[in-house]
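Single-structure report; data block below.
The values are calculated or read from the model by the stated rules, or taken from the named source; none is laboratory data. This structure is a prediction, so every number in the text was calculated from the model and none was measured. Please note: Cβ atoms are built from the backbone with ideal geometry, for glycine as well, and neighbour counts cover all protein chains shown.
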């Protein structure tokens with residue numbers, strides 16, 4: 001797929017799945033757009049996402065995902081799908097924020 005095709009599809013997904021404005025002056029990263037799409041996409045959009053960016057990049061995004069990017073249900077769906085397709089070892093749990101303060 002050409003960069004223009006990828007840019008157009010990611011722009012569509014950004015408008016559809018990221019309904020808030022980015023913090024600061026920087027736009028959402030491609031990784032953030034893809035992760036949000038992985039989290040909320042319809043099945044048709046899942047197929048388009050896989051075709052557009054490929055399973056290896058999707059697995060890489062899961063490995064770099066920030067806490068809160070992908071919820072547990074979506075994580076498990078993609079983990080099974082991408083482990084089978086790529087052989088990449090993806091952790092069993094999505095990254096989560098830790099709200100426990102260190103003891104003083």
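Considering only region 65-79, I want to know if a residue exists there that is over 22 Å from residue 97 (Cα atoms) and surrounded by 18 or more Cβ atoms within 10 Å (Cβ to Cβ). Taking every residue of region 65-79 in turn, none turns out to be over 22 Å from residue 97 (Cα atoms) and surrounded by 18 or more Cβ atoms within 10 Å (Cβ to Cβ).
Residues in region 15-29: is at least one touching a helix residue (DSSP H, G or I) at 6+ places or on another chain (Cβ under 9 Å), modelled with pLDDT of 95 or more, assigned to a helix (DSSP H, G or I) and surrounded by 11 or more Cβ atoms within 10 Å (Cβ to Cβ)? Yes, region 15-29 contains a residue that is touching a helix residue (DSSP H, G or I) at 6+ places or on another chain (Cβ under 9 Å), modelled with pLDDT of 95 or more, assigned to a helix (DSSP H, G or I) and surrounded by 11 or more Cβ atoms within 10 Å (Cβ to Cβ). The conditions of being on the phi < 0 side of the Ramachandran plot, part of a helix (DSSP H, G or I) and surrounded by fewer than 16 Cβ atoms within 10 Å (Cβ to Cβ) are met by residue 84. All conditions in (1) assigned to a helix (DSSP H, G or I); (2) surrounded by 11 or more Cβ atoms within 10 Å (Cβ to Cβ); (3) at pLDDT 95 or above hold for residue 6, with the sole exception of (3). The residues listed here are 94, 35; of these, the one that is part of a helix (DSSP H, G or I) and touching a residue at least 24 places away in the same chain (Cβ under 8 Å) is 35. Only residues that are assigned to a loop (DSSP other than H, G, I, E, B) and in contact with a helix residue (DSSP H, G or I) (Cβ under 6 Å, 6 or more places away or on another chain): list them for region 42-66, please. 65, the sole residue that qualifies.
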